[in-house]
Amino acid sequence: MDAYVKLGPDDAMWRLTCVYGEPRVEDRHNIWTMLNNMSTQSDLPWLVVGDFNECMWDF
């Protein structure tokens, strides 16, 4: 989901993107490619939330 958000008439607009990452390891790069492409579409503040199905560290 990708939405432009404005909470009130005097509030600034911002962008919200909700993601669910690919569960297959070999396809996980697709979400990062998509987000990279989306990043050029707007200069508004941008919040990206969700489950990226990525691990930052291996324990």
Open item on the list: Looking only at region 21-31, filter to residues that are free of Cβ contacts under 8 Å to residues at least 12 places away in the same chain and not in a loop (DSSP other than H, G, I, E, B); which one of those is surrounded by the fewest Cβ atoms within 10 Å (Cβ to Cβ)?
Closed with: Glu26
TODO: Would you check which residues across region 8-32 are closer than 13 Å to Phe52 by Cβ and not charged (D, E, K, R) and list them?
DONE: Thr17, Cys18, Val19, Tyr20, Gly21, Pro23, Val25, His29, Asn30, Ile31, Trp32
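Taking region 37-52, which residues are in a loop (DSSP other than H, G, I, E, B), surrounded by 11 or more Cβ atoms within 10 Å (Cβ to Cβ) and either at pLDDT 95 or above or over 12 Å from the mean Cα position of the chain (by Cα) (or both)?
Ser39, Ser42, Leu44, Pro45
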Open item on the list: Testing Met34 on (1) surrounded by 11 or more Cβ atoms within 10 Å (Cβ to Cβ); (2) at negative phi; (3) part of a strand (DSSP E or B), one condition comes back false. Which one is that?
Closed with: (3)
TODO: Kindly list, by first and then second residue, each pair from a residue in region 7-20 that is surrounded by 10 or more Cβ atoms within 10 Å (Cβ to Cβ) to a residue that is among the acidic types (Asp, Glu), limited to pairs with Cβ atoms under 9 Å and residues at least 6 apart or on different chains.
DONE: Arg15/Asp2; Leu16/Asp2; Thr17/Asp2; Cys18/Asp2; Val19/Asp51; Tyr20/Asp51
Open item on the list: With the requirement that a residue be of a type in the set (A, V, I, L, M) and either on the phi > 0 side of the Ramachandran plot or within 13 Å of the chain's Cα centre (by Cα) (or both), what does region 1-31 give you?
Closed with: Met1, Ala3, Leu16, Val19, Ile31
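The values are calculated or read from the model by the stated rules, or taken from the named source; none is laboratory data. What you see is a predicted model; the values in this text were computed from it and never measured. Note that we place each Cβ from the backbone using ideal geometry, even for glycine, and neighbour counts take in every protein chain shown.
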